[in-house]
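Below you'll find the structure, written out as structure tokens, and then a few comments.
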Amino acid sequence: MKELFWDGLCVARALYESQMDAVSRAQDLARVELDILLFLANNPQFDTATEIVQWRNISKAHVSQGVKALEQRGYLERWYARDNRRTIHLRLRQEAGAAVEAGRAAQHRYRSLLFQGFSEEELEQFCGFFGRIAANARAQLKEGK
């Protein structure tokens, strides 16, 4: 039973990586750049580099390099809120549209492949369980364990 869990995680991750690597190559983006674009597109409530580091578990250095490269390509822009001139927010630009669309299409394909044959009820149950797993893991990482 335990082996199936670990194997499932590994093989699901490998499938996701293969889907995203294909998009990265087609869009001429580094994987971290695609990850940043998709994170910002899929999570508009989180729009800072710090939040990308926290939620995606990507190193600060890689996020910083990715943001810089995306800015140079015209895919991202930085902005400040009126009431807080210290926090830099990130905004997708129109130029990122094709890459985001391709990435989202790959994510949709991935979900379709991964959950093929699942009923809506099973999918909801799985998401609930996996949400709890993610919360437990995030809490442990935050505590430094």
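On the given criteria, is GLN65 without any contact (Cβ under 8 Å) to a residue 40 or more places away in the chain and of a type outside the set (Lys, Arg)? Criteria met by GLN65.
Against the definition (free of Cβ contacts under 8 Å to residues at least 24 places away in the same chain, acidic (Asp, Glu) and within 25 Å of LEU15 (Cα to Cα)), how does GLU143 come out, yes or no? No. Filtering the stretch 91-145 to residues that are open to solvent by 70 Å² or more (accessible area, probe 1.4 Å), closer than 21 Å to GLN19 by Cα and in a loop (DSSP other than H, G, I, E, B) leaves GLN116, GLY117, PHE118. Among residues belonging to the stretch 11-32 that are without any contact (Cβ under 8 Å) to a residue 40 or more places away in the chain and surrounded by 18 or more Cβ atoms within 10 Å (Cβ to Cβ), point out the one that is nearest to ARG109 (Cα to Cα). Filtering first and then ranking leaves SER24.
Scanning the stretch 51-90 for residues that are of a type in the set (Ser, Thr, Tyr) and either touching a Ser or Thr at 6+ places or on another chain (Cβ under 8 Å) or in a helix (DSSP H, G or I) (or both), we see that the one that is least open to solvent (accessible area, probe 1.4 Å) is THR87.
The values are calculated or read from the model by the stated rules, or taken from the named source; none is laboratory data. Please read all numbers here as calculations on a predicted model, not as lab measurements. Positions of Cβ are generated from backbone atoms using ideal geometry, with glycine treated the same way; all protein chains shown enter the neighbour counts. Ligands, DNA and RNA are excluded from the accessible area calculation, which covers all protein heavy atoms including side chains. Shrake-Rupley method; radii C 1.70, N 1.55, O 1.52, S 1.80 Å.
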